[in-house]
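Have a look at this one before I ask anything.
The values are calculated or read from the model by the stated rules, or taken from the named source; none is laboratory data. These numbers were taken from a predicted model, which means no experiment stands behind them. In this analysis, Cβ positions are derived from the backbone assuming ideal geometry, glycine residues included, and neighbour counts consider all displayed protein chains.
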Amino acid sequence: MPPDIDMNNLILPMLCSGLLLACIALPVSTLAFSEFAIGTFAHSYRLQNIVRQLTISFATASIIMIEQHRQATHQLRLAEWVNLYNPEYQHAMHRLLDVFTAAGYTATDAQALAMASLGRTVAQQAVFLASLDGFYVLMYVALCGVAFALWQKPIE
């Protein structure tokens with residue numbers, strides 16, 4: 001959502017978030033802890049928090065590593081296309097040179113600005129593609145979680 005969004009447009013997403021917690025998390029946790037005696041409930045709750053924190057840490061570290069690796073890979077592959085023998089690169093460079101020269105920059109400054117602009121575009125595209133790969137990984141993990149959840153026997 002854009003940063004200047006009206007507060008009225010946030011009511012529905014916030015309501016859905018709250019309903020998700022009330023309709024899914026509370027019944028699931030109630031069923032999960034119903035098997036425990038009152039004395040062991042505190043220990044099981046602590047164990048649940050430890051597992052949750054480990055899961056969050058592992059997920060965060062995994063996504064960071066995946067995105068850094070994929071960003072480097074995409075940047076390397078995109079940089080291969082930025083060479084003098086690529087007609088698309090030559091066309092983009094000439095257009096940028098024309099724009100910067102028309103803006104009043106000298107030929108040397110226009111050349112440096114055009115190169116920096118193309119380099120920044122390659123870096124931005126690499127970050128975008130790495131983020132997209134991160135979302136694909138999350139999608140596969142979620143699908144595996146769904147399959148695992150469907151495989152489990154129902155709690156009665």
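I'm told SER44 meets every condition in (1) surrounded by 13 or more Cβ atoms within 10 Å (Cβ to Cβ); (2) assigned to a helix (DSSP H, G or I); (3) at pLDDT 90 or above; (4) over 28 Å from the mean Cα position of the chain (by Cα) except one. Can you identify the failing condition by its number?
Only one criterion in (1) surrounded by 13 or more Cβ atoms within 10 Å (Cβ to Cβ); (2) assigned to a helix (DSSP H, G or I); (3) at pLDDT 90 or above; (4) over 28 Å from the mean Cα position of the chain (by Cα) is unmet by SER44, namely (3).
For region 2-10, indicate whether the set of residues that are outside any helix (DSSP H, G or I), of a type in the set (A, V, I, L, M), modelled with pLDDT under 80 and at negative phi is non-empty.
Yes, region 2-10 has at least one match.
Let me ask something else. Take THR106 and decide whether it is among the polar types (S, T, N, Q) and surrounded by 11 or more Cβ atoms within 10 Å (Cβ to Cβ).
No; evaluated as a whole, the condition is false for this residue.
Here's the yes/no breakdown for (1) in contact (Cβ under 8 Å) with a residue 40 or more places away in the chain; (2) farther than 16 Å from VAL141 by Cβ; (3) in contact with a strand residue (DSSP E or B) (Cβ under 9 Å, 6 or more places away or on another chain):
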| position | (1), (2), (3) |
| --- | --- |
| SER44 | no, yes, no |
| ILE50 | no, yes, no |
| ILE56 | no, no, no |
| ALA59 | no, no, no |
| ILE64 | no, no, no |
| LEU78 | yes, yes, no |
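Output the number of the condition that SER17 fails; it satisfies all remaining conditions of (1) in the same structural domain as SER131 (by TED's automatic domain parsing); (2) within 26 Å of the chain's Cα centre (by Cα).
Checking SER17 against (1) in the same structural domain as SER131 (by TED's automatic domain parsing); (2) within 26 Å of the chain's Cα centre (by Cα), the one that fails is (1).
Could you tell me how many of the residues in region 65-98 are touching a helix residue (DSSP H, G or I) at 6+ places or on another chain (Cβ under 7 Å), among the basic types (Lys, Arg) and surrounded by fewer than 16 Cβ atoms within 10 Å (Cβ to Cβ)?
0
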